[in-house]
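Visitor: Got a structure for you, questions after.
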Amino acid sequence: MSRDDLINQLRAIVGEKYLLLEKEDVIVYEQDGSILQAMPEIVVLPGNAGEVAEVVKAAKRAGAPIVPRGSGTGLAGGAVPAEGGIVLSLARLNRILEIDLKNRLAVVEPGVINLDVSKAIAQDGFFYAPDPSSQAACSIGGNVANNSGGPHTLAYGVTTNHVLGVEVVLDDGRVVWLGGRVADSPGYDLCGVFVGSEGTMGIVTKAAVRLMRTRESVRTLLAVFDRTEAATKTVVDVTAAGIIPAALEMMDRLTISAVAQAVPGVYPRDAEAVLLVEVEGLTETTERAIRLVQTICERSGAREVRIAANQAERQLLWKGRKEAFGAMGLLAPNYYVQDGVVPRSRLPEIMKQVAEIGERYRLRIANVFHAGDGNLHPNILFDMRAPGELDRVIEAGAAILKACVDAGGSITGEHGIGLEKKAYIGLLFNEYDLEAMARVRRVFDPEGRFNPAKLFPTPVSCGEVRRQPQTIPAGLWI
Ligand SMILES: Cc1cc2nc3c(=O)[nH]c(=O)nc-3n(C[C@H](O)[C@H](O)[C@H](O)COP(=O)(O)OP(=O)(O)OC[C@H]3O[C@@H](n4cnc5c(N)ncnc54)[C@H](O)[C@@H]3O)c2cc1C
C-alpha cells in the first residue's frame, strides 16, 4: 500500500482533524520526558477503541510501525518513534467508564490521567494507589505499559499489583481482554505479561484497576541530616526495624538547594540530606510507627526531626518533594534522570559511587529518589549547548547503571527500558533470556510493528548489546 493510500484510510477512520501530517504539528510528538527524540511521519488521535483497531489494521496492511503514546511523560524514550511510522495518541480516550466501589474497581480508558482516578473517588474514601510523581500528567495507559510506581510503591507495589485486566488491540486489529474484573483469572497470567511490555505487544484501550480504601490515619515526618551516609543508613535501619512506611523518600544537598528556591522554607538549605517518611494505617498503629521512626532517625544522627502536625504541614512537606524534578531547571539548563535500583542495604555505598562518578565525569548530580525501594534517581545536570558535555553525561549515566547492577540491582526501577536503556539490557540478561522474551513478544506482535526499536537491543545478541553507542543512533539524542 502506498503512503497516500495509508493516509487516506487513516483520514477515513479518525477524520481530518485527528490526523496530523504537517511538520509543525507532528513535531510536538517527537520527544517524551527523556533526552531522546525522533520525528514521527504520521500522528493519529483516534477517539475510541474501535478506531484504534481500525488504525492498527490499516497500519498492518501498509506494514507501518505504530508507536502508542499516552501523555509523553516517559523518561526512557518509550513514546519516541525511533523508526518513524505512526504515532498513535491515546489522549482522546480519556473517560472513566465505570466506578464500582462495591467491588473496589474502576474501568478506565488509557488516556485518563492517573490523578483523576483518585480525584473521582476521594469523596467516597477511596484512592488509586500507584502514584508516579508525574501523576498529575501521566496516563493510565502509559502507567500500564511502563508498570509505573511512585513514592508509595514501598507499601502498595507498582501498577501490575493494581491492574485486574486490560482490553488490548492486537496486531491484526482484534480487541481482546487479558485478565478481567476479578483477581486470579485461571490460566496463564497474560495481563501480568502485558503490564510492563512498554507498548511492544499491543495497545491498551481499557483497564480495570483496583481501588483502595483511604487509610484512617497518615503521619508524615521530615528528618534532616548533616551527612548523606547517616540518611542512607537510616533508610536501612527503618525497614530493618520491621516498619514498612507507605513512603520513604530522600533528597540530597543539591536537590534541597533547588527545592529551597522553588518552595522556600520547607527544607533547611544547609542540610546534606533529608528523608521524608510517611506511615499509614489505623491511628494507634501509625502513632506508634512514626514515633519509632523518629527515634531511629535521631539515633542515626538526624539533627532535626519534624512530624507534620496537620494536613497543611504534611502537604507542604510533600510539595517540596513533588516539585523537586521541576526545580532541577533552577540548577542547570538540562538534566538527565537515571533510574537504577539496588538492594536498599547497598544504598550507603551506591550513593558514594554516584558522587565519585560525578567527580570523574566533571558533572553535578542531584539525587531525589524512592530510597525505601532502593530506587535511585540521580539527575545528571548539564548544558546541551556545551560541546562534548552530552557525551560525558551519557557515559556517567552508563557508569551509574553498571554500578547498580554490580551491587546486585537493576537498570530501571520504574521508568522502563524504552529506547534509552535497551543498550544496557545485556548487563542483566543473556542472549537466551532475551530470545525467550522476544518469543513472548512475537506471540502478541508477530511482525514486531508495535513500538519497534524499544526494549530489545538490535540485534538480540549479548556481545552487541554491551556496546552502547552502536544501539542508539547519535541523531536520536537531543
Ligand atoms: C517529573 C516526572 C516524574 C516522574 N515520576 C515517576 C515516578 O515517580 N514513577 C514512575 O514510574 N515514573 C515516573 N515518571 C515517568 C513517567 O511519568 C511514567 O513512565 C508514566 O507511566 C508514563 O506515562 P505517559 O502517559 O506519559 O506515557 P508515555 O510517555 O506517552 O509512554 C510511555 C510508554 O508507554 C507506551 N504506551 C502509552 N500508552 C499506551 C497504551 N495505551 N497502550 C500501550 N502502550 C502505551 C508508550 O509506547 C511508551 O512506551 C516521571 C516522569 C516525569 C516527567
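Please treat every number below as a calculation from the coordinates, not as lab data. Note that the structure is a prediction, hence the values are computed from the model and not measured. Note that each Cβ is placed from the backbone with ideal geometry, even for glycine, and that neighbours are counted across all protein chains shown.
Visitor: Straight-line reach from residue 319: which aspartates and glutamates fall under 13 Å, measuring Cα to Cα and dropping same-chain residues less than 8 apart?
Guide: 249
Visitor: Another one. How far, in nm, would the chain grow between residue 98 and residue 124 when pulled straight, counting 0.36 nm per residue and subtracting the alpha carbon separation?
Guide: The residue 98-residue 124 span can extend by a further 7.9 nm.
Visitor: If you line up the long axis of helix 311-322 against the longest principal axis of the chain, both from Cα atoms, how many degrees apart are they, to the nearest 10?
Guide: Roughly 60 degrees between the two axes.
Visitor: Would you calculate a helix-derived [θ] at 222 nm for the chain, using -39,500 (n - 2.57) for each DSSP H run of n ≥ 4 and dividing by the full residue count, to the nearest 500?
Guide: The per-residue figure over the chain is -10000 deg cm²/dmol.
Visitor: Right, something else. If you take the beta carbon distance between residue 183 and residue 430 as r and set R0 to 30 Å, what does 1/(1 + (r/R0)^6) give as a FRET efficiency, to the nearest 0.05?
Guide: With R0 = 30 Å, the Cβ-Cβ based efficiency is 0.35.
Visitor: Among 351, 250, which comes first, then next, by fewest other beta-carbon atoms within 10 Å? It would help to have the intermediate numbers written out before the result.
Guide: Values: 351 23, 250 28.
Fewest to most other Cβ atoms nearby, the residues stand as 351, 250.
Visitor: Once amide H atoms are built 1.01 Å from N in the peptide plane, which residues 5 or more positions from residue 163, or in another chain, come under 5 Å H to H?
Guide: 210
Visitor: Show me, for region 15-26, the HN-Hα J-couplings you get by feeding each phi into the Karplus relation (A = 6.51, B = -1.76, C = 1.60, θ = phi - 60°), rounded to Hz, glycine and proline as x.
Guide: x, 3, 5, 9, 10, 10, 10, 6, 4, 5, 8, 6
Visitor: Another question, then. Run the numbers for residue 298 and residue 5: contour at 0.36 nm per residue of separation, minus the present Cα-Cα distance, in nm. Could you put the intermediate results ahead of the total?
Guide: Working: separation 293, 0.36 × 293 = 105.48 nm, distance 6.90 nm.
Taking residue 298 through residue 5 to full extension adds about 98.6 nm, to one decimal.
Visitor: With the contact rule set at Cα under 8 Å and sequence spacing of 6 or more, what percent relative contact order holds for the chain? Don't skip to the end; give the middle numbers.
Guide: On the way: 1059 pairs, mean separation 72.3, N = 478.
Rounded, it is 15 percent for the chain.
Visitor: Compute the FRET efficiency between residue 402 and residue 227 as 1/(1 + (r/R0)^6), taking r as their Cβ-Cβ distance and R0 = 25 Å, and round to the nearest 0.05.
Guide: 0.45
Visitor: Another question, if that's okay. What are the aspartates and glutamates whose alpha-carbon lies under 13 Å from the alpha-carbon of residue 206, with same-chain residues fewer than 8 places away excluded?
Guide: 98, 109, 167
Visitor: Same structure, new question: Output the peptides 223-229, 143-149, 286-292 sorted from most to least packed, where packing is the average of other Cβ atoms within 10 Å over each peptide's residues.
Guide: On the way: 223-229: 20.0, 143-149: 28.7, 286-292: 18.0.
In decreasing order of mean packing, 223-229, 143-149, 286-292 become 143-149, 223-229, 286-292.
Visitor: Listed highest first by mean packing, meaning other Cβ atoms within 10 Å per residue, what order do 270-278, 68-76, 436-444 come in?
Guide: 68-76, 270-278, 436-444
Visitor: Still on this structure, I have one more. What residues qualify as long-range amide H neighbours of residue 97, i.e. H under 5 Å apart, gap of 5 or more or another chain, H built at 1.01 Å from N?
Guide: Here the answer is 107, 108, 109, since their amide H atoms fall under 5 Å of that of residue 97.
Visitor: Given the pairs 119/233; 60/422; 233/421, which are separated by over 27 angstrom at their Cα positions?
Guide: In this structure, 119/233; 233/421 lie more than 27 Å apart at Cα.
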